[in-house]
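One structure is given here, and the rest of the page talks about it.
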Amino acid sequence: MRKPNILIVDDVEINREILETILEGLYHVYHATNGMQALEMLESGERNYRLVLLDLDMPVMDGYTLLEKLNQSNRIKELPVIIASCNNKQDSIIRAYELGAVDYFTKPYNAQIISRRVKDLISLYERDYRDTVTEAYSRKGFIREVEDILENTDDPTKYALLCFNIKGFKAINELYGIAGGDKLLRNIYSELENSGLRPSVTARLEADHFVCLAKKEYLDFDQLARHMEKEWKVNGSTMFVYIQCGIYFVEDRSISVSGMIDRARLARQTLGEKSTNSYAVFDSSLAEDYVDQVQVLTDFEEAIKNDEFQVYYQPVVDVKTGKLVSAEALVRWIHPIRGFVSPGTFISVLEKNGLISKLDWYVMQKVREFIGKRYEAGLPVVPVSVNLSWIDFYDFGMSDQLLNQIKNSPFPNNYIRCEVTETTFVSQENSYANYLEKFREQGVKVYLDDFGTGYSSFGMLKSYSFDILKIDMSFVRQITTSPKVCNIIRAIIDMCHQIGIHVIAEGVETEEQKNFLLLNGCEFIQGYYYSKPLPEEEFVAYIDEHHKDNRILGINAYERNTLRSYFKEEVSYFNTEMRAKFPLEHVEIMSLLLNSNAVGVISGLFDEGLSMAYISDVARNGLGYTMEELLEDKKGSFLMLLPEEERTWYMDTIEEPSRVYHMVMKNGTSIKVKEVRRRETNSSGEYWIIAINKIEE
């Protein structure tokens, strides 16, 4: 480790020599003959000093005045000053302490006491510059050390700055606990320190992010790649740890150390979570991205003030009818000079720098204003969902304000929905999680967004309560190319319906995707197949057009589809293996249903989409309807799958007198329903249709 720098300020040469003799073995010692010279040396930034030994009585500028100057610039808070003076008057000592001195020596100097006091004080002041978990430098300490190195080298370009990040560290903490995670962090710091990089300075910036400064001559890329994969043993088990590294070669010394760290981080981020590469180097192609990030932070406050951010609305529609159900609020930045700024450019930057909450609040207010105006004017309104970042829930002020707005809303609370990603749920603990539940208690529905892209999405379903799940567009895009993905989507939809959650599929763009989701029971879709995100004026026209044509379901679409199934909670039903064999021909579908041991198989008629495969939902909801209501309002799902020439026969058949049949549940209860037998067909023999007409006792 490099020796810390100490500055001795005394106009008497023999005093300076005595102190240097005591300290030179452990420190680099520098001299100043008066307060003015010392102040110039401290302010020049040529080197970082860890401690000042100061005489009080000197020409040009005495020690008292230097202390006053250090106080004015706040340097005294981070730079310990020890008085070493022949002046042992009580009032002088008191005045020195009042001005910020932390210790006071008088002649004759005791070498052991001075050495011990200097060492202890430097260690005490170093606490802010060290990471408590690993004992590596902190970000603050790293910046100080690197600035010192680069200022004192004849060639800064011989150095490289490397940023490291552990892939999936959150999962490691969950598996092995905080203590296990901390042990890994200490292990990685030790390996970096003792690696072939021979780092000049190593630091832990935060969480699982490390950084080091090393000479280029020690940077062996093959060796670095090998270091990025390591086997780690903990609690008797072995796991593989994968690390990614971003590298910035020091070229422009005018760039701050923080700027260098940002550039190395930006290089690492280009790798992505799924990349198989272990390192990336910052180059000119990334420079523009970095400038964009800085520009975002520079322009953000003015953009909020000038309403440069605009809310666009992307419709969510009922997959069976194409009717408008709701919308998602998406923010767009229309910069007066740069024009359209991509959300991919500014969202992550604002989130990384803690400004995303301000934008989320802005969007929420714009949406509430939009809904409020239309509601009060008696115009058609649909629910709108607003994205909330995990950072929002660490801002108690914002969460409390939002909750108060909800409680005192001029329109029904179920017109506002909150979309939260899995990251938000994972990041919440104790009181943070309470806010979402408080929102739900007030009637605000909560969406789990981007489902399927996180590490423990199914754990989220178990641990948290929410109303609607959004299947990520990365799954939807593979519907026509990946049978495996199709099976996963079917399983997700089934699971959601069993636990009473609605499903929205994002990113639907084609007829094939829409039809697959329709046949597999997904209730709602969002994507370019129906509409791109629309600015407010165009969305108003979209709503009004759908209202005129009676093509708005709105809140009713969610409220009437109560999918918490009566039968599914009691018995098994049409399972995934059977579904895998699902042909589209209606006769074969019904034959499969009859040959299964599913209890309560019912076909069609409820809400146009919960057809044969979604039987239990139909039964639970349908038992409350009369036949007249079914025939008038619920002509849909099963009829849509029947050939046109069969539809009249079906409607006639379920109206004919038939036997009364007892459907027995596992809990012993019995429900009477109509049983209808259909005529034989050539392809599959006969099958049963149970019409959901409850028979009164």
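The values are calculated or read from the model by the stated rules, or taken from the named source; none is laboratory data. The structure presented is a predicted model; accordingly, all values stated were derived computationally and were not measured. So basically every Cβ, Gly included, is an ideal-geometry build from the backbone, and we count neighbours across all protein chains shown. Each accessible area value is taken on the protein alone, full model and side chains, heavy atoms only, with ligands, DNA and RNA left out. Shrake-Rupley method; radii C 1.70, N 1.55, O 1.52, S 1.80 Å.
Structure values in brief
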| quantity | calculated |
| --- | --- |
| Solvent-accessible heavy-atom area per residue, rounded to whole Å², over the range 166-223 at 1.4 Å | 46 Å² |
| Residues of the range 44-149: accessible area per residue with a 1.4 Å probe, Å² | 50 Å² |
| Surface per residue (accessible, 1.4 Å probe) for the range 304-346, Å² | 36 Å² |
| Heavy-atom accessible surface of the range 185-264: percent carbon and sulfur, 1.4 Å | 42 percent |
| In the range 71-132, the trypsin sites (Lys or Arg not before Pro) that fall in loop regions by DSSP, at most 16 other Cβ within 10 Å | 89 |
| 5 angstrom amide H check on residue 552, placed H, neighbours 5+ away | 324 |
